[in-house]
Amino acid sequence: MTTCREALDLILDSVAPLPPRATTLFDALGLVLADRLGSPETVPPFTNSAMDGYAVRAEDCAGAGSDTSVSLDVLSDLPAGSVATEAVRPGTAIRIMTGAPIPAGADSVVPVEATTSEGSRVRIAAPVKRGANVRLAGEDLREGEELLPKGFVLNPASLGILASVGLSEVPVHPRARVAILTTGDELVAAGDKPGPGQIRDSNIHTMCAQALAFGAVPVPISRVPDTREAVTAALSRARNTADVIVTNGGISVGDYDFIKAVLADLGAREVFWKVKQKPGGPLGFWLLDGKPVFGIPGNTVAAMVCMEEYVRPALRKLMGHANLLRPEATAVFEGSFRKTVQDGKVHLVRVRARRENGRLVVAPSGPQGSGILSSMLRSNALALVPADALALKTGDEVRVHLVEEPEDH
Ligand code: AMP
Ligand code: MG
């Protein structure tokens, strides 16, 4: 059987970043730049006012003080988006709004709060420093300067910077499209009433939501019946529409577990099946026409844990990320955890992590059965109980994967 580490390595060795694509800024948040970008323009493009006030010559206001004010002739009004048609001459000023280009002749802006308007004149009662409240052309970015390095993960500020220099489309690795197939004759949609022996399909929602949260595009293929024909049709559809396929359920050794057989019929190459872990032991991984296929067991927690630990890193590699894994840390365990038998598997325990006196402390977030989704609700980390350990008690050190920042829940 494959270890967790081997499984992850085998998966990551099988996937490569998707070819870059020009993408509009509205669609680019969180995507990874496929090229270094230099600035084609200067920012700000022209010298402009940082305040609403009066564009003046500092020299004219040199004598102004609390008891010796200066009066200047106001030539015109200059809103943002307009350019002055005349220059500021000695003894004059132009009323100017934030962002409007500094008129010729002026070198400073006196904020409106430091002035008194007197008809067509303005009174200034404080000295003005030359260059005050003026934003110089190019003070933010110079033409040709590196804006963003290759591999940069686009954040809101970077999107604004790209827009400011006229780059309305950027070369990025696209979001991976991930087909998510839930399977099982027992499943009904969340909005339907289950008949005898039936349950609602909750995994289609957890798994699609996880894919979205990972920055990918989920393609839901919900509630595929447990027949060879239905599984074949669903996998064929997934193969044509997605970069990654995730099947859920039907991967164990039950009589109605058709995923493996159908993948073999379709010519998929098995990379591994079964991992020394709990939950998610029956996890399998195949390549179908080179496309990654994850076969994930149906238990609700197993589904989420496998998405987190294996599908997420693969999606991130496809989308060009350099950092594929969640932060890992050593924490102090609080509470008790015991494997029912020494099974030689790594157990991924749902825990809630918190900082306490500079240490990271983790406590189980509820019962650990692989179908108990409620204990996933307030879990923000997975603690890794090593294969050779049997139990954890308060005070033990444990490695954890930090799945979520703790401030939200
Ligand atoms: P399987 O891996 O198909 O043997 O399913 C294992 C367990 O997970 C069974 O109890 C299933 O009913 C349950 N299960 C499978 N698929 C889903 C799903 N989409 N939503 C909720 N539970 C599921
Ligand atoms: Mg099933």
Of 260, 345, 129, which is the most mobile in a GNM of the chain whose springs link Cα atoms less than 10 angstrom apart? 129
Per GNM of the chain with C-alpha springs under 10 angstrom, the most fluctuating residue out of 262, 346, 83 is 83
Could you identify which residue out of 282, 149, 220 has the top mean-square fluctuation in a GNM of the chain using Cα springs shorter than 10 Å? 149
Roughly how many debye, to the nearest 20, is the charge dipole of the chain about its Cα centre, given +1 on each Lys and Arg Cβ, -1 on each Asp and Glu Cβ, and no other charges? 1100 debye
Put +1 on the Cβ of each Lys and Arg and -1 on the Cβ of each Asp and Glu in the chain; which of 75, 87, 159 then has its Cα farthest toward the positive end of the dipole? 159
Reach of residue 274 by Cα under 29 Å, taken over lysines that are not fewer than 8 positions away in the same chain: 260, 291, 317, 339, 345, 393
Heavy atoms of residue 1: accessible area, 1.4 Å probe, square angstrom to 10: 130 Å²
At 1.4 Å probe size, with the rest of the protein present, what percent of the exposed accessible area of region 328-401 is carbon and sulfur atoms? 53 percent
Top positive-direction residue, dipole computed over region 328-401 with Cβ charges, set 382, 365, 398: 365
Using Cα positions and a limit of under 15 Å, work out the aspartates and glutamates in reach of residue 278, with same-chain residues fewer than 8 apart set aside. 308, 309, 343, 388
Region 286-409: antiparallel DSSP beta bridges as a percent of all, rounded to 5: 95 percent
Using +1 on the beta carbon of Lys and Arg, -1 on that of Asp and Glu, and nothing else charged, what's the dipole of region 43-174 about the Cα centre, debye to 20? 80 debye
Let me check I've understood the local charge: for residue 330, count other residues with C-beta under 12 angstrom from its C-beta, Lys and Arg +1, Asp and Glu -1. What total comes out? -1
Antiparallel content of DSSP bridges confined to the chain, in %, to 5: 70 percent
Using a 1.4 angstrom probe, figure out how much accessible area the chain has per residue, in square angstrom, rounded to the nearest whole. 47 Å²
Tell me, how many Å apart are the Cα centres for region 167-182 and for region 311-385? 28 Å
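The values are calculated or read from the model by the stated rules, or taken from the named source; none is laboratory data. No experiment lies behind these values; they were computed from the predicted model shown. As a convention, Cβ positions derive from the backbone with ideal geometry for all residues, glycine included, and neighbour counts pool all protein chains shown. Heavy atoms of the whole protein, side chains included, go into the accessibility calculation; ligands, DNA and RNA do not. Shrake-Rupley method; radii C 1.70, N 1.55, O 1.52, S 1.80 Å.
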